[in-house]
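Worksheet for the structure shown next.
The values are calculated or read from the model by the stated rules, or taken from the named source; none is laboratory data. Because the structure is a prediction, the values reported are computed rather than measured. Every residue, glycine among them, receives a Cβ derived from its backbone with ideal geometry; neighbour counts consider all protein chains shown. What goes into the accessible areas is simple: the full protein's heavy atoms, side chains included, and nothing from ligands, DNA or RNA. Shrake-Rupley method; radii C 1.70, N 1.55, O 1.52, S 1.80 Å.
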Amino acid sequence: MKKNIHPVERIIRIVLGAALTSLAFWGPANPWFLLGLVPLITGLLGWCPPYALLGINTCRLGKKG
């Protein structure tokens, strides 16, 4: 699994994923907190399966070459 997520995007995914997942403990009791696991896991891994399937790689954004 080659990383395909830019470091800034990874941080955003981790923060948003953690916030959504925390709803399991602080928010209303419903299963929507599980959606937070997707951005949290992809942010921690640095690899997004849909990006890989579509050939998207945001790691190269802002780099010359």
* **Residue list for the range 22-31, filter: loosely packed, with under 12 Cβ neighbours inside 10 Å and assigned to a helix (DSSP H, G or I)** => PHE25, TRP26, PRO31
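If a residue must be of a type in the set (A, V, I, L, M, F, W, C) and in contact (Cβ under 8 Å) with a residue 40 or more places away in the chain, how many such residues does the range 24-58 contain?
Just the residues of the range 24-58 that are of a type in the set (A, V, I, L, M, F, W, C), to begin with: 24-26, 29, 32-35, 37-38, 40-41, 44-45, 47-48, 52-54, 56.
From what is left, the residues that are in contact (Cβ under 8 Å) with a residue 40 or more places away in the chain are 45, 47-48, 52, 56.
Residues flagged as of a type in the set (A, V, I, L, M, F, W, C) and in contact (Cβ under 8 Å) with a residue 40 or more places away in the chain within the range 24-58 amount to 5.
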* Structure fact -> Sole miss for ILE56 among (1) open to solvent by 50 Å² or more (accessible area, probe 1.4 Å); (2) touching a Phe, Trp or Tyr at 6+ places or on another chain (Cβ under 6 Å); (3) of a type in the set (Val, Ile, Thr) is condition (2)
